[in-house]
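Reading through the structure tokens given below for one structure.
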Amino acid sequence: MELSHEIASDLLYIKAVQIRPDDYFTWTSGIKSPIYCDNRLTMAYPGIRNKIAYAFVQMIKAMDRKPDIIAGCATAGIPHALLVADKLDLPMVYVRSKPKGHGKENQIEGKLESGQLAVVIEDLISTGKSSIEAAKALQQEGVHVLGVLAIFTYGLGKSSKLFSEAALDYKTITNYDDILRLLKREGNISENKGKALQAWRDEL
């Protein structure tokens, strides 16, 4: 089994990804969705979190240019970024969604220098907005962002559009299509429900 499919299976097993085709979740944005992803749960499973870190490391090693620093998106991307930075023996920073309202009012915590190359680590890409904002915060400090890596994406058309407009590359370990293929292969959803789940994503 490919690593992407193996991690998709892991996410379903620990209920980090849940599918409810007959009882939709409500996202923070108000969108009604048959899928919910909470990759924070992976931190409770050492084998799974290390498998995720290994997948990120392999993705980084395959890049034409290598990062000088790993940047985690606050908050859910931070633990994964730390594991990756440790395995690659690289420094790490993390990026808040906005500057703190007290103290030094930092948006980026840690040490970085203008001209460094960075990879941004995120747990989940839905629209991609938070990841792109983190990348832009780094760019404003003179850091060149090689790309955004995440564990999972819903594969929404909006995310591809926003990343393209921001001229940023992104890649994920696994995705919504992998989850659907796995559920259908194991007989956990019918063919009709599989088509309905596919249509929900494609029409969003």
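The values are calculated or read from the model by the stated rules, or taken from the named source; none is laboratory data. These numbers come from a predicted model, not from an experiment. Virtual Cβ from ideal backbone geometry, glycine too; neighbours counted across all protein chains shown.
Things worth noting here:
- Only a single criterion out of (1) without any contact (Cβ under 8 Å) to a residue 60 or more places away in the chain; (2) among the polar types (S, T, N, Q); (3) not in a helix (DSSP H, G or I) is not satisfied by Asn192, namely (3).
- Candidates are the residues of the stretch 151-189 that are among the hydrophobic types (A, V, I, L, M, F, W, C) and either in a loop (DSSP other than H, G, I, E, B) or free of Cβ contacts under 8 Å to residues at least 24 places away in the same chain (or both); the one that is surrounded by the fewest Cβ atoms within 10 Å (Cβ to Cβ) is Ala167.
- Of Tyr94, Tyr45, all but one fail to be touching a strand residue (DSSP E or B) at 6+ places or on another chain (Cβ under 9 Å) and either modelled with pLDDT of 95 or more or loosely packed, with under 15 Cβ neighbours inside 10 Å (or both); the exception is Tyr94.
- Contacts under 6 angstrom Cβ, first residue in the stretch 131-150 being free of Cβ contacts under 8 Å to residues at least 40 places away in the same chain, partner in a loop (DSSP other than H, G, I, E, B) and among the hydroxyl-bearing types (Ser, Thr, Tyr), 6 or more apart: Gly142/Ser114
- Applying a threshold of 8 Å to beta carbon distances and a minimum spacing of six or more residues, or different chains, the list of pairs starting in the stretch 72-89 at a residue that is without any contact (Cβ under 8 Å) to a residue 60 or more places away in the chain and assigned to a helix (DSSP H, G or I) and ending at one that is surrounded by fewer than 19 Cβ atoms within 10 Å (Cβ to Cβ) and aromatic (Phe, Trp, Tyr) reads Lys87/Tyr54.
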